[in-house]
Amino acid sequence: MPSFDIVSEVNHVEIRNAVDQCNKEIANRFDFKGSDARVEINDKEKTLTAFADDEFKLRQLRDVLTGKLAKRGVDIRALEPGKMEAISGSKVKEEVRIREGIEQERAKTLVKLIKDSKLRVQASIQGDCVRVSGPKKDTLQETIALVRKSVTDFPLQFKNFRD
């Protein structure tokens, strides 16, 4: 029976390259001369931490980072910004979590959306992805179109299309 998986993944190599490019640009920009602005990446916890001298520079740093990520093809919707925290004096930091995988609640809403569409397919949650199977490839392609149209707040990819 034909099937495919709905997953949410990001390319960690491209994220690392974008962070390196962002740090290089910040080091060379005139408006950041003498400041301690930088972005650090934590692979274990899947977070990016942005440090800056004040809130204005932190917003500028975030704009540069999102620009570099977008140029490298990383979907910005996979980033979940945290709260801005003051560390020492006027210095601030912000943690940005990289969302990967589909959480249980979101997976349940995806399955409900597919079942409510009355398409002749079965959707099941398989860990951090959703597997959709059906008797015809055409109905699976309709399901992909439905999910693409309905889910706009979270990056999704469709993988393992099997015949």
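Could you run the Karplus curve 6.51 cos²θ - 1.76 cosθ + 1.60 with θ = phi - 60° over segment 115-127 and give me ³J(HN,Hα) per residue in whole Hz, x for Gly and Pro?
So the Karplus estimates, Gly and Pro as x, are 5, 6, 6, 6, 6, 7, 9, 10, 10, 9, 8, 10, x Hz.
Can you grab the distance from the C-alpha centre of segment 5-57 to the C-alpha centre of segment 92-148, Å, no decimals?
Using only Cα atoms to place each centre, the spacing works out to 30 Å.
What residue among Phe30, Met84, Leu146 has its Cα farthest toward the positive end of the dipole of the chain, where the charges are +1 on Lys, Arg and -1 on Asp, Glu, each on the Cβ?
With unit charges placed on the Cβ atoms, the residue in question is Leu146.
By a straight-distance test (C-alpha under 19 Å), which aspartates and glutamates pair with Lys159 as possible cross-link partners, with residues fewer than eight away in the same chain excluded?
Partners found: Asp5, Glu9, Asp75, Glu100, Glu103, Asp128, Asp138, Glu142.
Starting from the Cα of Lys33, draw a straight line to each of the aspartates and glutamates and keep only those under 17 Å, dropping any in the same chain fewer than 8 residues away.
Glu25, Asp53, Asp54, Glu55
When averaged across all projection directions, what area in nm² does the alpha-carbon convex hull of the chain cover?
Convex hull of Cα atoms, orientation-averaged projection: 10.8 nm².
At 0.36 nm per residue, minus the direct Cα-Cα distance, what do Lys159 and Asp128 gain on full extension? Give it in nm, one decimal, please.
Separation in residues times 0.36 nm, less the Cα-Cα distance, equals 9.8 nm.
Between their Cα atoms, which of Lys46/Lys71; Lys115/Lys137; Lys44/Lys83; Lys46/Lys108 are more than 22 Å away from each other?
Lys46/Lys108
Every number here is computed from the coordinates shown, using simple stated rules; none is lab data. Only a predicted model underlies this, so the values are computations on that prediction, with no experimental measurement involved. All Cβ positions, glycine included, derive from the backbone under ideal geometry; neighbour counts span all protein chains shown.
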